[in-house]
Amino acid sequence: MKQIQSLPYSEIFRFLHTRAEGLGNSETEERLRELGPNSIEIPEKGKWIKNIIKQFTNFFTILLFIAAAMCFIAESVEPGNSMNVLGWALFFVAFVNAAFSFLQEYRAEKAMEELKKFLPQKVRVRRNSVVQEIDVSNVVTGDILILAEGDRVPADARVFLSESLITSNAALTGESKPVFLSANASAATLLESKNITFAGSTILGGAGEAAVFATGLRTEFGKIAHLSQHVQRSMSPLEIETNRMIRILTIIAVSMGIFFFLYGLLSGRSLWMNLVFMLGIIVANVPEGLLPTFTLSLAMGSLRMAKKNVLVKGLNAIEALGAVHVIATDKTGTLTQNHLRVVATADFRGETLDGAQKTDLMNLALLASKAEKSPAGYSGDPLDVAIAEFRDESIGNAVPESFVKLQYFPFDTAKRRAACAGKTSSGYIFSVKGAWESLRPLVSRLGNKSAGEEEKKAVDATVARLASQGLRVIAVAARESDVAFSSQEEWETNLSLAGLIGVEDPLREEVPSAVQKCHRAGIDVLLITGDHPDTALAIAKKAGIVSENIAEPVIHGRDLEKMRESELAEKISNGSCVFARTTPEQKMKIVSALKQMDKVVAMTGDGVNDSPALRAADVGIAMGKSGTDVARQSAQMILLDDNFASIVGGIEEGRTVFANIRKFTNYVLVSNGPEIVPYILYIIFPVPLALNIIHILSIDLGTDILPSMALGSEKPDPEIMEQPPRKREKSALLTWPLVAHSYLFLGLIEAIWSLFLFFLVLLQGGWQYGQSLPQDSPVYQSAVGIALASILLMQIGNVVGRRYLSKSGLDSGLFKNRLMIAGILSELVFAMAILYFPPVQMVMNTGPVNLSVLLLAFAGIPLIFGIDYIVKKIRFM
């Protein structure tokens, strides 16, 4: 039986039951139903069961189960202390906590799945004789793929048209060596054939067409994926940092617990009671609800960024995004609209062309282009489309019938030109278009006259004049011959310059204000482009990237090539911010120089050769609309609208996400202070215990959750882009200033006030120092109730104050955050229920207090808020 690679061109379509014009709609629908979507994703069996088990076996849940078991043992050893009630309560809390963590993780997973919908991978195919863009999942056998540089091949396909098509099968074979593809039949095996392009491979250069013969798990890549084991996602830096924080707090908690356990034993307290109180100190120190809230906050932040046209592929990119010092951006499509329009045609002297000269110039430019025409208009490279549209508008759309394309040479980033060889009725012709600098050494004639150095200098001046207007200047040259040459190099001698084309790409309206916003935020902007230095400088000035007092704002690619990284770093430090006529490979040098300067770098890119720089940058940003599949794979972020202003919006959101994490971390740790101090007092002094484990858990896993989530969803602070980027070394979540602020400042205020009210109620009820009170004593129940209620109420003042680093937090935004309002109401309602609602009183072992004491508890809200605000004003004077 013949194999697909061994078939000649004439048999490929019959073998696959297709045709060069592509399949019809009914055929594709039938094949999609029969073979299923083109996907290699294999659903993980029992995924959610595993996640549930994971939640029940984490450190904190196991700790609760141990505490519950100890309560039951303590009750059996020393009956009458209601320790069994506490044990059942702890079991219930363990289940609720596991369920909550599972729900948060589930929501985070769903949020990340939503992100994938923002950028489904697309592929160009020909169906019903029309080239169209479809989702990769809809590719079926028999589809005709239209392949171009930068594409990621979606399925195994047989090449039947190759225009210098080069691919990399590294994803399949592990070898990065380029493979030059042809349309000829091959006797080699499938994997060794030079006419097969495999799913997962990337097109490194050229263009071509191929017929799909295998999709999904039937592809070679799919077979490997099916056999491979499930690979677990590595933890992001922020997740590692959070785990580090939990680990530190746990070590502190366990150390304190063991210390006071031993102290209790030495002071004569019973073993089991000491064990329970040891666990109380541990529980009070560990912020149980922090980790799931943190994960959800990051995922929801990523979703908000996607709605601002910034797709974050991994949560770890958010950390780097908030710390970016430099944005190195492309020009075309990012700063500009990528709506190219031909606005000028000129000869070498700069005189406007018209008549036959203009017609010849545009015909030659069109021949060196590759724009596909359909009923909807032209499609393809924006420059090629602009040339085709201008030609149609100015001289009509009649293509010379006598011209037949023989060989197309796609745009080469190193050569900076594209070309085509063809046949006419009188012989052969070669047309090439590209940067004047790349054509200059190849040109020997300017129209009908010889081109010496003086004449070429005249062209240099014309190019510079057009470029200084912000135009992209394209030179077009040609050569006629009696014979057809086989290579581009043979054609590119003795060329005659046909003329120059000025192409306008207007600056996006929102870019100047976005650049200004960057500068206010302490972020430098570098422009990196392959355009002429004068074009780049004109655009940079319009965008506000270049300051007037910079001595050497532009660095040419040829000079950049010769520089050492230390020299480049010095140039950038002195204000050089525009890089013109650069190659994608030179982006790597710029990234390295910036990193040598200890800068956090965000780099944009869209081509295959941009991939190394995108990977090397702290934040690689690929273009969603114009970017290649390869660039999008290499980047950590994808710009859905290719707009520079969206990068700035993403940085603002990235800073906000990290700031919000800091806010709710600070908020959650504050309540640890009033939870720990009662245990310390109880162990050291002969006083009743103000809070037990259930009370602590009602705060940490109850009333603190909604306010934490509210702080995690706070909108960007208007001042956040007025501050310089944070230092990488200061990006740890748990810092000494934050710990001191949480435990030794706000936490201490809450502890002092709640214990003041606790002892006030005890003293009003007749308690004397050293007196032991039973658990069911009304005085003790009321004192515990007011201590717990006052902590909940003071957390309201705390959460409002945490909204801003330097401002009060009392503004209209407070009422726009529904989670914040819900969180505050939940704390108010639960505080009242603890004191006055019998079912809650029974569970929490609390009692009511008189109005004067209740008002003192409410006074804790303005007390903590006011002291916090005064310190803010002093700190930020």
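The values are calculated or read from the model by the stated rules, or taken from the named source; none is laboratory data. The model shown is predicted, which means the values in this text are computed figures rather than measured ones. With ideal geometry, Cβ positions are generated from the backbone for all residues, glycine too; neighbour counts draw on all protein chains shown. Surface areas here come from the heavy atoms of the whole protein model, side chains and all, with no ligands, DNA or RNA. Shrake-Rupley method; radii C 1.70, N 1.55, O 1.52, S 1.80 Å.
Tabulated data for the structure shown
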{"read-out": "Projected label distance in nm at residue 592 and residue 267, using a 7 Å step from Cα toward the beta-carbon", "value": "6.4"}
{"read-out": "Whole-Hz couplings from phi, Karplus 6.51/-1.76/1.60, listed for region 530-535; x for Gly and Pro", "value": "x, 6, 4, x, 5, 5"}
{"read-out": "Förster radius 56 Å - calculated FRET efficiency between residue 465 and residue 875, Cβ distance, rounded to 0.05", "value": "0.50"}
{"read-out": "Region 498-634: C-alpha gyration tensor shape, a/c 1.5 cut-off, then a/b vs b/c", "value": "rounded"}
{"read-out": "Virtual spin-label span in nm between residue 641 and residue 561, 7 Å along Cα→Cβ", "value": "3.9"}
{"read-out": "Contact order relative to length of region 779-877, as percent, for alpha carbon pairs under 8 angstrom and 6 or more apart", "value": "47"}
{"read-out": "Two-site FRET efficiency, residue 99 against residue 510, from Cβ-Cβ distance with R₀ of 35 Å, rounded to 0.05", "value": "0.20"}
{"read-out": "Accessible surface of the chain [probe 1.4 Å, protein heavy atoms]: carbon and sulfur percent", "value": "59"}
{"read-out": "Overall dimensions of region 341-504 by Cα: Rg and Dmax, Å", "value": "14.8, 47"}
{"read-out": "Residue-averaged 222 nm ellipticity for the chain, from DSSP H runs of 4+ at -39500 (n - 2.57), nearest 500", "value": "-15500 deg cm²/dmol"}
{"read-out": "The chain - Rg (one decimal) and Dmax (whole number), Cα, Å", "value": "34.9, 117"}
{"read-out": "Dipole of the chain, positive end: most advanced residue of 645, 670, 213 [Cβ charges, Cα centre]", "value": "670"}
{"read-out": "Fully extended contour minus Cα-Cα distance, from residue 84 to residue 307, at 0.36 nm per residue", "value": "75.2 nm"}
{"read-out": "Protection-proxy order for peptides 853-862, 2-11, each taking the mean of Cβ atoms within 10 Å per residue, highest first", "value": "853-862, 2-11"}
{"read-out": "Computed E for residue 685/residue 740 - FRET, C-beta separation, R0 30 angstrom, nearest 0.05", "value": "0.75"}
{"read-out": "Relative contact order for the chain, counting Cα pairs under 8 Å that sit 6 or more residues apart, in percent", "value": "11"}
{"read-out": "Distant-in-sequence amide H partners of residue 498 (H built 1.01 Å from N, under 5 Å)", "value": "476, 477, 478"}
{"read-out": "Heavy-atom accessible area ranking, 1.4 Å probe, most first, across 552, 570, 675, 27", "value": "570, 552, 27, 675"}
{"read-out": "Region 496-555-region 730-798 distance, computed between alpha-carbon centres (Å)", "value": "60"}
{"read-out": "Rounded tilt (10° steps) of 237-266 against the dominant C-alpha axis of the chain", "value": "20"}
{"read-out": "Region 747-803: projected area of the alpha-carbon convex hull, averaged over directions, in nm²", "value": "4.1"}
{"read-out": "Accessible area per residue in Å² at 1.4 Å probe, computed on the chain", "value": "43"}
{"read-out": "Accessible area (Å², 1.4 Å probe, nearest 10) - residue 197", "value": "0"}
{"read-out": "Normalised contact order of region 341-504, rounded percent, pairs of Cα under 8 Å and 6 or more residues apart", "value": "28"}
{"read-out": "Per-residue ³J(HN,Hα) for region 549-564, Karplus 6.51 cos²θ - 1.76 cosθ + 1.60, θ = phi - 60°, Hz, x for Gly and Pro", "value": "8, 7, 6, 10, x, 10, 10, 7, x, 5, 6, 4, 4, 8, 6, 7"}
{"read-out": "Fully extended contour minus Cα-Cα distance, from residue 3 to residue 73, at 0.36 nm per residue", "value": "17.8 nm"}
{"read-out": "Karplus-derived HN-Hα couplings along region 646-653 (A = 6.51, B = -1.76, C = 1.60, θ = phi - 60°), whole Hz, x at Gly and Pro", "value": "5, 4, 5, x, x, 5, 4, 5"}
{"read-out": "Distant-in-sequence amide H partners of residue 406 (H built 1.01 Å from N, under 5 Å)", "value": "421, 422, 423"}
{"read-out": "Segment residue 810-residue 583, extension gain: residue separation times 0.36 nm, minus the distance between their alpha carbons", "value": "76.5 nm"}
{"read-out": "Among 766-773, 156-163, the order from most to least packed when residues are scored by Cβ within 10 Å on average", "value": "156-163, 766-773"}
{"read-out": "Exposure rank, largest accessible area first [541, 122, 307; 1.4 Å]", "value": "307, 541, 122"}
{"read-out": "As computed over region 408-548, the Cα convex hull volume per residue (Å³)", "value": "128"}
{"read-out": "For residue 201, residues with placed amide H under 5 Å, excluding near neighbours", "value": "153"}
{"read-out": "Listed peptides 740-746, 472-478, 812-818, 64-70 by packing density, highest first (mean Cβ within 10 Å)", "value": "472-478, 64-70, 740-746, 812-818"}
{"read-out": "Rg(Cα)/(2.2 N^0.38 Å) for region 736-877, N = residue count", "value": "1.15"}
{"read-out": "log10 of Debye I(q)/I(0), alpha-carbon scatterers only, for region 557-674 at 0.14, 0.15, 0.16, 0.19 Å⁻¹", "value": "-0.68, -0.75, -0.82, -1.03"}
